[in-house]
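The values are calculated or read from the model by the stated rules, or taken from the named source; none is laboratory data. Values in this document were obtained by computation on a predicted structure and should not be read as measured data. Because the Cβ atoms are built from the backbone with ideal geometry, glycine has one as well, and the counts that use them run over all protein chains shown. Heavy atoms of the whole protein, side chains included, go into the accessibility calculation; ligands, DNA and RNA do not. Shrake-Rupley method; radii C 1.70, N 1.55, O 1.52, S 1.80 Å.
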Amino acid sequence: MSTIVPSVPVVAPPASSAVARPAVGAFHASDLTDIAEVSARAAVPFRATVLIQAVGLALSLGATAAWAQQAPAPGPADVPEAATADGGTAAGGGAKRKQQLESVVVTGNPLNLRDVVAPVQSLSGDALTLKRGASLGDTLDGMSGVSSTYFGPNSNRPTLRGLDGDRVRMLSNSGASVDASSLSFDHALPIDPLVLTRIEVLRGAAALQYGGNAIGGVVNAIDNRIPRLAQPGLNGAAEVRLGGASSERGGAVVLDGGTNQFAWHVDAADRRTDDQRVPRFETEDGFSRRVRNSDSHGRSGAVGGSFLFSQGYAGVSVEDYHNEYGVTVEPDVRIQMQRQRLATAGEWRDPLPGLARVNWQFASSRYKHQEVEGSGAIGTVFQSTGKDGRVEAQHAAIQTGAGTLSGVLGWQWELSDFSALGEEALVPSTKTRNNALFLIEQFKSGPWSLQAGARSEKVSVASTGGDEERFGAPVTKRFSPNSFSLTGAVEVGGGFSLSASASSSQRAPTFYELFANGVHVASGAYEVGDANLGMERARAVDLGLHWKQGESKWSVQVYQTRFSNYLALDASGRDITQPGEDGGSETFPEYVYRGVRARLHGVELEGHQPLPSLAGWNLTLGTTLDLVRGTNLDTHEALPRLAPMRASLSLQAEQGPWLLQATLIGAARQDKVPALDTPTAGYGLLRLNVARHFELGGMDAMWYVKLDNLANKLAYSATSVQTIRELSPLPGRSIFAGLQVRF
């Protein structure tokens, strides 16, 4: 019996007979040329010196253990997220199956424990395949406590417990995701869900090990681009996906292989969509059944490899991601985005007496995003160059008379150079530097577990250039955020356990909160930063009751976060007039970043309950419910863009190779909004999934069909910014089909 709160499963769990396999997306035959070009380009965009340095680092780290003649046999804590083992033949399926091995939570788990104290949700295997959307926010939306900013079908950034933007930390394999998505709602995340093996969502006090800008939580997108274990021979997967409300055509291939001393990985993906179909709705130009300018074309490719030795691994990967998509709020504007990332990571177990393991990862990213007018002219160009590193050293477990003490000391370093050039640039060029030390210690004694964490940061944010008339002279602001957390859990018998956490956190203001001064076209407002802003400060408590008995799992969390200084974007009541086209002028409401007192509180419930079998079908009931309320304590108005109370009820049926799912999703009316916002009507949506595993030429395969919004209900997202909400309803009735093959 576990003595620590287990990670929370998703509502629609993978079939028990399903395979935990490499996650891939759709692959379209007409896109072979595009994928080949992306794969070829993936290794060349970086400057040669950066590539040589990273490869040299990986080679030197691998060479330190060249004496080892074989790769390690994975221990219980070293099984990868998508590891598989040969199994038997599923009843009625005829296809050789593999059984899913128990996975280890990565996010917020530096001690590599089987069970973690923190509330972590994960999405992998069949559940990820059937849930995967066009963006990370779309994929996770609907999980308990998780929604998305929903700026049309292409720009959806996850929001956690009512917090979005820079308060939610986006990670790629536990490293920083360099992009401009927190700056504007129309900026998409440069992460393709098609090639992910697992997504983890971490909330609560444990998220603070990733910094003050994880007050809301952490979303970690995990892939196998830097292999961690030996994978001899050749294996992989390919998938085709067609249909949906956006008429998606696309797919991906993932290949893994190597020997006991070297493992390699290659993946490529391509996705095309048309303007999204929605129920008939009224627009400023009449009625429509399409979301205007919402088509897209995304493609990505990556190669990676690792040297394996008896005490760990050292690897490197290079990736290239492109996305071109329309901006719904501006019918003649398109965004062309590219991110290139070079990463190296490794682990060394038992390097010195008293030191259990050392993990490291370093990455260099180049991000470019340009907004192209209908005439072909380039409006604003956003560019960001970022470097980040993270080293964690875990000391050996210390046995005391009362229990076991284990812990990790870590260092994190980030550099980011950002520029926005063009007529619509609302921020100057900036440089952000961050250095941090953190310490996490966990004490375990019988049914009790206690974890304490502390993090100290040094942050500098500098305005380095631009229009001095608007942005003023170059200036550097320095901050020293500190964060502390304490989390405990105890088993109380009968499968029940209790958890509690408390945290105090500080977040340095971002460059746009400090220096913005201009029209933000995406929000239709003139935004003004304040260079004199202090740090955001918050205290939070979280209480949980959990029950697990066999396959039955139920969890309820209640939480409250109080901000003594919440950096809010509030209307000032003034209008700003700016020169317009053809010699005219335009007027915009002024919104100012200012510190206010605020409170967020809510409840989250998630359950997974097997039911008695019916006519040979194994039935499972799933349910979620979440509610968040936020108040600006200075004005007593609701905080903006909060999800309404939501609930879902799902029924899953399995028999042999078949998997059937029916999910009813309901959202209440959201009328707790700021004075300048409008309420959003409630809605109910019905979704059906059908999947079947089978054998195809000796390979394990699965086809699936997804039916969404069967009643074709017109619905809007309350978490959308008001300027886009009425232009982009949620998707209408659609059918989506896919075929996945593993070898």
Query raised in the report: Accessible area of TRP411, 1.4 Å probe, to the nearest 10 Å²?
Result: 90 Å²
**Report entry** Overall dimensions of segment 609-743 as given by Cα atoms, namely Rg and Dmax in Å
**Finding:** 19.7, 66
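Could you give the length gained on full extension between ASP634 and GLN560, defined as 0.36 nm per residue of separation minus the Cα-Cα distance, in nm?
Values: separation 74, 0.36 × 74 = 26.64 nm, distance 1.76 nm.
Length gained between ASP634 and GLN560: 24.9 nm.
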Query - Distance (nanometres) between label positions extended 7 Å along Cα→Cβ at TRP413 and ILE378 - result: 3.2 nm
Query raised in the report: How big is the charge dipole of segment 515-567 about its Cα centre, in debye rounded to the nearest 20, if each Lys and Arg gets +1 on its Cβ and each Asp and Glu gets -1 on its Cβ?
Result: 280 debye
Query raised in the report: At q = 0.09, 0.14, 0.18, 0.21 Å⁻¹, what is the log10 ratio I(q)/I(0) for segment 111-229, with the Debye formula run over Cα points and no solvent?
Result: -0.22, -0.54, -0.92, -1.27
**Report entry** List GLU423, GLU551, ordered by accessible area with a 1.4 Å probe, largest first
**Finding:** GLU423, GLU551
Query raised in the report: Which residue, chosen from GLY211, PHE309, LEU229, occupies the Cα position most advanced towards the positive end of the dipole of segment 207-321, where the dipole is computed from +1 (Lys, Arg) and -1 (Asp, Glu) charges on Cβ about the Cα centre?
Result: LEU229
Requested in this report: At a 1.4 Å probe radius, which order do VAL120, VAL741, VAL240 fall into by accessible area, largest first?
Outcome: VAL240, VAL741, VAL120
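For VAL475 and GLU423, FRET efficiency with R0 = 30 Å and r from the beta-carbon atoms, rounded to 0.05? Can you show the working numbers first?
Values: r = 24 Å, r/R0 = 0.78.
The pair GLU423/VAL475 has a calculated efficiency of 0.80.
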Query raised in the report: In whole Å, what are the Cα extents of segment 245-303 along the three principal axes, biggest one first?
Result: 63, 15, 12
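With a sphere of radius 12 Å drawn around the Cβ of LEU625, what net charge do the other residues whose Cβ falls strictly inside it have (Lys, Arg +1; Asp, Glu -1)? If you can, show how the numbers build up before the last one.
Values: positive: ARG646; negative: GLU604, GLU606, ASP626.
Residues near LEU625 contribute -2 overall.
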Report summary line: Phi-derived 3J(HN,Hα) across segment 149-155 with the Karplus relation (6.51, -1.76, 1.60, θ = phi - 60°), rounded Hz, x for Gly and Pro, is 6, 6, 9, x, x, 9, 10
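What does the charge count near GLN451 come to, summing +1 for each Lys or Arg and -1 for each Asp or Glu among other residues with Cβ under 10 Å from its Cβ?
Working: positive: LYS444; negative: GLU441.
After counting each charged neighbour, the total is 0.
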Report summary line: Computed ³J(HN,Hα) along segment 621-627: with the Karplus parameters 6.51/-1.76/1.60, θ = phi - 60°, integer Hz and x for glycine or proline, the list is 9, x, 8, 9, 8, 9, 9
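Using heavy-atom solvent-accessible surface (probe 1.4 Å) with all chains present, what is the largest-first order of SER585, SER375?
On the way: SER585 85, SER375 105 Å².
Largest to smallest exposure gives the sequence SER375, SER585.
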Report summary line: For ILE735, the accessible surface traced by a 1.4 Å probe with all protein chains present amounts, in square angstrom to the nearest 10, to 100 Å²
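Working out 0.36 nm times the residue gap between GLU284 and ARG574, then minus their Cα-Cα distance, what length gain in nm do you get to one decimal?
Contour length minus Cα-Cα distance gives 101.9 nm.
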**Report entry** Computed accessible area, ARG725, all protein chains, 1.4 angstrom probe, square angstrom
**Finding:** 10 Å²
Report summary line: Magnitude of the Cβ-charge dipole (Lys and Arg +1, Asp and Glu -1) of segment 688-743 about the Cα centre, nearest 20 debye, reported as 140 debye
Query raised in the report: Length gain on complete extension for the stretch ALA675 to LEU714, per 0.36 nm per residue less the alpha carbon to alpha carbon distance?
Result: 11.6 nm
Query raised in the report: Given +1 on the Cβ of Lys and Arg, -1 on the Cβ of Asp and Glu, and no further charges, what dipole in debye does segment 129-231 carry about its Cα centre, rounded to the nearest 20?
Result: 340 debye
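So if I average 1/r over every pair of distinct C-alpha atoms in segment 319-381 and take the inverse, what Kirkwood radius in Å does that give?
Numbers: mean 1/r = 0.0672 Å⁻¹.
Mean inverse Cα-Cα distance, inverted, gives 14.9 Å.
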Requested in this report: Mind giving me the nanometre distance, one decimal, between the label points for LEU611 and ALA500, set 7 Å out from Cα along Cα→Cβ?
Outcome: 3.7 nm
Query raised in the report: So what's segment 540-698 giving for Rg/Rh, alpha carbon basis, Kirkwood Rh from the mean inverse pair distance?
Result: 1.18
